[in-house]
Structures are given as C-alpha cells and as structure tokens.
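A short worksheet on the structure shown next.
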Amino acid sequence: MAETAMLAERAPEARVFRRTLPYLRPHRAMLAGALLVVLGCAAAVAATPPLIGRAADAIVDRDRGALAAAVAALAVVAVAQIALARWSELLLMRAGERVVRDLRDRSVERLTHAPLRFLEAHRTGDLLRRTTSESAELAQFVRRDLPNLVVITATLLLTTATLVVYSWLLTLVVAVVFVPPALLALRGFRRGAEEAFGGQAAAEATVAATLSETLTARELLRTGGALPGWLARARGENRAVVAAARRTARVEVNIELVSLIEGAATAVLLGLGAWLAAEGRLSVGAVVVFVLASRALFEGLGDGSQLIGELQLARTGLARLVDLLESPGGRPITGSSGGDGLPARGELTVEGAAYAYLDGTPVLDGVDLRFPPGDRVAIVGPTGSGKTTLGKILAGLYPPDQGRVAYCGTDLRELSGTALSRLVALVPQEVHILTGTVADNLALVPGGPGRAEIAAAVERLGLRTWIEGLPDGLDTPVGMRGERLSAGERQLIGLARAGLIDPAVLVLDEATADIDPVTAGWAERALGELCAERTLIVIAHRPATVGLLARTVRVTGGTVAEEAATAPTASMERP
C-alpha cells in the first residue's frame with residue numbers, strides 16, 4: 001500500500017511565516033512598497049515627541065521663533081502622519097488580500113487535483129474549513145489587524161531609538177521596570193498559545209466535519225433511529241469546542257497584565273524625570289519628550305499585545321493552510337504530458353497492478369489485463385471483490401501501489417489530467433451533479449464546450465427528446481446535488497459528458513442499473529452511440545448486461561481471471 005500522508009489535526013506552527021515566504025515572492029514588490037510607506041508613517045509618529053519637547057524648551061526659554069518653528073514642523077508631521085497612515089493601511093490591505101487570495105486559490109487547486117486516496121482519508125469538513133473558514137479568518141486579520149500590527153512594530157523600533165538618544169538612564173529604567181514583567185506576561189501567553197489556539201481550531205474543524213456529515217446523511221439519521229446517538233456525539237463535540245475556547249481565554253488573560261505593568265512604569269518614569277529636571281541634569285523638554293515617547297511606547301506595546309491573540313489565530317489558520325499546501329499526499333498524481341502522439345484509439349494494458357486501502361490488506365494484487373481497441377468487456381465479481389476499485393484504476397483515478405496502467409505503452413501517471421480524461425472516461429453508478437443547470441453540468445468536461453457543442457452531443461446521443469421534456473430544456477436547474485433529477489436522469493448526464501469527451505476507453509460502473517424503463521431506453525440509445533469504435537469496459541452486476549459483451553473478467557479475492565469468451569446475445573452498439 002502506498003503511504004497516504006495525513007494532514008495533522010493540529011498543524012505544526014514552527015517557522016510557519018518562513019514557510020510562507022515562497023508564496024509571498026510573487027507579491028514582493030507590492031509588499032516592499034507598503035513597508036516603505038509604513039516606515040515613513042512610523043517615522044512621523046516617532047518625530048512627534050521630540051518636536052513637542054522642542055516646543056516645551058522654547059516656552060521655558062521664551063523663544064517665540066523657536067516655538068513657531070516647532071509648531072509648524074509639528075503641523076507638517078501631523079498631516080504627513082495622517083496621510084501616510086491611510087496610504088500604508090490601503091497598501092498593506094491590498095497586498096495582504098492578494099496574498100490571501102493566492103493562498104486560497106492554491107489550496108483549492110491542491111484539493112481539486114489531489115489523489116482520491118488523500119481526499120477519502122480526510123473528513124470533508126476539515127478540508128473545507130482549511131480552505132474556507134480559516135482563509136476567511138486570515139483575510140479578516142489582513143484587513144483589520146495586519147496594518148495596525150506593522151505600523152505599531154515600526155513605531156516601537158523608532159520610538160525606542162528616540163528614548164536611547166534622549167536619556168540612556170531613563171531608557172535603562174524602562175528596561176528594568178517595564179520589560180521583564182511584560183516579557184513574563186508574554187511568555188505565559190506564548191507558552192500556552194499554540195496548544196490553546198491549535199486545539200480550538202481542531203475542535204471547530206471536528207464540529208464542521210460532523211455538521212457536513214449530518215447534512216449528507218440527514219435521511220438516514222431521521223429514518224434509521226440513529227439521530228439521538230448522533231446528536232449526543234455532536235453535543236459532546238460542541239462541549240469540546242467550548243472547553244477549548246475557555247483554555248484560549250485563560251491564555252489571553254496574560255496579555256491584559258501588560259496594561260497594569262504599563263501604569264506602574266509610567267509612575268516611576270514621571271517621578272524620576274521630575275527629580276532629574278529639578279537637579280538640572282535633564283531639560284524640561286527632554287523630560288517631556290521622554291514621557292511622551294514612553295507613553296507612545298507603552299501604548300504601542302499595549303495595542304500590540306491586544307493584537308497578539310489575533311496574530312496567533314491567524315498563525316494557526318496559516319499553519320493549517322500551509323500544512324495542506326506542503327502535504328505530499330495532496331500533490332497531483334498525474335503528470336504534465338499532453339499525450340501528444342498518442343492515437344485516438346489504442347490499447348489499454350494493466351501490468352502487475354496492486355492496490356490496498358489498508359496496509360497489509362490488498363484489494364487487488366498482481367492484475368494483468370489487456371484491452372485492445374474496440375474491446376467489449378464485462379468485469380464481474382461478488383460485492384466487495386474490488387470491481388469498482390479496478391474501474392477507478394483503469395480510469396487513472398487510483399494509481400496502483402505496484403505495477404502500472406498504460407495506454408499505448410504510456411503510463412497514465414505521465415499524462416496530465418486533461419489528457420487522461422480525454423483518453424479514458426469513467427461513468428460511475430452514482431454520477432456527481434453540481435448545483436446549476438443541466439447545461440452547466442454537461443459543460444464539466446475538458447475544453448468547456450459551448451452551447452452549440454452541447455446541443456450537438458445531445459442530438460448525436462439521441463437525448464434531445466429527454467432534454468425537450470425538461471421544464472426549461474438545457475437551462476433546467478438541477479437543484480442541490482441534482483435532487484431535482486431522477487437517478488436515471490443523472491446517469492444520462494454522465495453518459496452525455498462521456499459523449500462530449502469522446503474517449504478512447506469508456507468505463508461504466510453499472511451506469512444503467514436501477515433506472516425506469518423510459519430512461520433506460522434513452523440510456524441504451526446513448527450507449528449505442530458511445531460504444532461505436534471505442535473500447536467499452538462495463539462493471540456489471542446483472543447477467544443481462546454481461547450477456548451483451550464479448551468477454552468477461554471475474555474479480556475474486558483480489559485477483560482477476562478471464563473467463564471463456566462467449567458471443568454476446570445482443571449488441572450494445574447502435575444498429
């Protein structure tokens with residue numbers, strides 16, 4: 001069995017921002033420009049206390065000229081600060097939104113191209129949360145908090161430099177009185193933050209997954225008597241979310257201690273500054289500068305500490321997104337070859353193929369098969385024997401753990417997804433329908449056929465009567481997951497998609513089973529057209545279907561064996 005790389009329930013957050021750097025490279029020019037404007041805004045903020053201090057000294061010295069110059073400079077700096085703050089906020093939001101959009105697009109692309117084995121190994125709700133809810137939370141952080149966080153960080157650095165320039169002694173007091181207690185509070189936050197925020201995200205993802213499964217299995221839960229037990233499970237998971245949220249709140253309390261430390265440090269600075277000014281060791285303006293700069297420093301730290309919780313939430317969500325993007329299990333299984341040079345009709349071969357869902361329990365082992373061009377084959381076997389798995393291997397949806405499946409000698413894994421789907425098409429027993437119209441669902445094939453191509457394919461397959469019988473023809477809404485269509489009509493959409501693809505090999509997983517006689521007639525006419533000049537492989541459950549095909553392959557106990565060929569009792573091809 002090929003090892004399936006699982007996503008961590010609590011994604012590792014170590015070096016998450018460094019791991020994000022490759023995704024920032026396409027946006028580095030915009031980010032650099034935004035940071036330059038941020039530095040300009042921070043410089044304007046840091047310049048304000050010195051200018052006020054100069055004005056205070058001018059007042060003490062009764063120097064009107066110096067006072068006027070200081071006031072004018074202060075006015076210019078204030079206007080510049082407002083303009084730069086607004087500009088930097090817009091630039092950071094624009095750059096951040098582009099980065100988030102890029103991450104979201106990459107994650108969606110990763111999921112749509114991921115191997116079925118990877119997707120089936122994870123709960124749908126968890127994957128959806130990584131690409132939707134946590135992307136939305138990250139985008140909200142970018143819009144609301146990232147600009148403030150960047151401006152605050154730059155302002156703190158420049159303000160600290162200002163303090164050192166004006167009085168190293170008072171700066172040392174700040175370092176002794178304020179920094180150690182603040183760092184202890186922040187350390188207490190960081191010690192429990194990753195587990196608390198990660199645990200909350202994981203618990204919320206579990207609830208999302210359970211809700212998704214509840215909506216999918218709603219009829220079973222209501223009619224099968226399992227609803228009370230399922231609701232008890234959901235309530236237990238909700239209680240786990242509440243407990244995780246409480247742990248997060250306890251961790252966030254450490255941040256509030258910074259405000260108390262700030263008040264104590266300000267009182268000490270005021271007393272010491274007044275004594276130094278009275279002793280003549282520091283000018284009144286210098287004391288004013290230091291008090292204002294210290295206040296700006298404390299406020300910046302306080303505002304920053306309030307944003308740390310939001311930063312941790314964004315960090316957790318970013319870690320879960322990056323975990324998805326970096327996971328080797330979620331990488332596409334197909335290659336990049338466009339299949340140039342391969343004939344439109346050719347031989348499909350299976351060479352020593354093996355496949356297992358669980359380690360040590362092979363579903364298929366040592367499968368060797370040949371399907372010459374135009375072959376007509378029924379794949380039969382008891383329930384659970386691996387017929388459907390073999391069909392997905394033949395269609396390239398499951399790459400074999402051992403061996404290979406090749407078309408005209410080319411391994412299907414070397415082909416791009418588009419090239420593969422044009423060569424081998426699978427019509428499953430349960431055709432997937434997306435919300436939209438009949439035309440929207442028929443267009444879900446390589447190349448995105450237009451209205452004229454769809455209409456021509458419908459006509460060619462003999463399905464025009466069915467389409468005209470729908471309320472709005474091709475524009476008929478199909479409802480959520482095709483609920484407005486019958487099981488047979490969903491099968492007709494699957495067959496029409498295959499007709500639009502025109503594959504060399506068509507694999508049917510009992511696509512005409514359990515449908516009403518009228519729809520079955522349309523399906524048989526469509527199959528008659530589809531079967532012409534192409535290889536047909538039918539995963540069959542009914543003897544009547546087997547009798548229509550030239551030869552039979554039986555799947556038993558993970559192995560396959562070809563049975564004696566018999567002349568078909570009738571033809572699936574058009575007259």
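Here are the numbers:
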item	result
Accessible area of the chain belonging to carbon and sulfur atoms, whole % at 1.4 Å probe	59 percent
Accessible area in square angstrom per residue, the chain, 1.4 angstrom probe	49 Å²
Separation of alpha-carbon centers, the range 447-515 and the range 40-108, rounded to whole Å	62 Å
DSSP H segments from the chain that extend 24 Å or more along their own axis, Cα-based, with Kyte-Doolittle mean of -0.5 or above	28-60, 64-113, 146-166, 179-216, 227-278, 284-326
Label-point separation, residue 98 to residue 440 (7 Å along Cα→Cβ), nm	3.1 nm
Selection of trypsin sites (Lys or Arg not before Pro), the range 369-472, meeting DSSP coil and at most 14 other Cβ within 10 Å	none
Percent antiparallel among DSSP beta bridges (both partners in the chain, rounded to 5)	50 percent
Where a label projected 7 Å from the Cα of residue 351 along Cα→Cβ would reach, residues of the range 390-409 with amide N under 12 Å	403-409
Point-to-point label distance, residue 15-residue 59, nm (Cα→Cβ direction, 7 Å offset)	5.4 nm
Simple spin-label estimate for residue 80 and residue 184 in nanometres, 7 Å along Cα-Cβ	4.1 nm
The chain: C-alpha gyration tensor shape, a/c 1.5 cut-off, then a/b vs b/c	prolate
Difference of contour (0.36 nm per residue) and Cα-Cα distance, residue 136 to residue 218	26.8 nm
Cα-based shape type of the range 433-513, given that a ≥ b ≥ c are square roots of the gyration tensor eigenvalues and the cut on a/c is 1.5	rounded
Extension gain, residue 195 back to residue 123 (0.36 nm per residue minus Cα-Cα distance, nm)	23.8 nm
Net lengthening on full extension, residue 238/residue 267 (0.36 nm per residue, minus Cα-Cα)	5.9 nm
Residue 245-residue 116 FRET efficiency (beta carbon distance; Förster radius 30 Å; 0.05 resolution)	0.30
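The values are calculated or read from the model by the stated rules, or taken from the named source; none is laboratory data. The structure displayed is predicted, hence computed values, not measured ones. Every residue, glycine among them, receives a Cβ derived from its backbone with ideal geometry; neighbour counts consider all protein chains shown. Heads up: the accessible areas ignore ligands, DNA and RNA and are worked out on the full protein's heavy atoms, side chains in. Shrake-Rupley method; radii C 1.70, N 1.55, O 1.52, S 1.80 Å.
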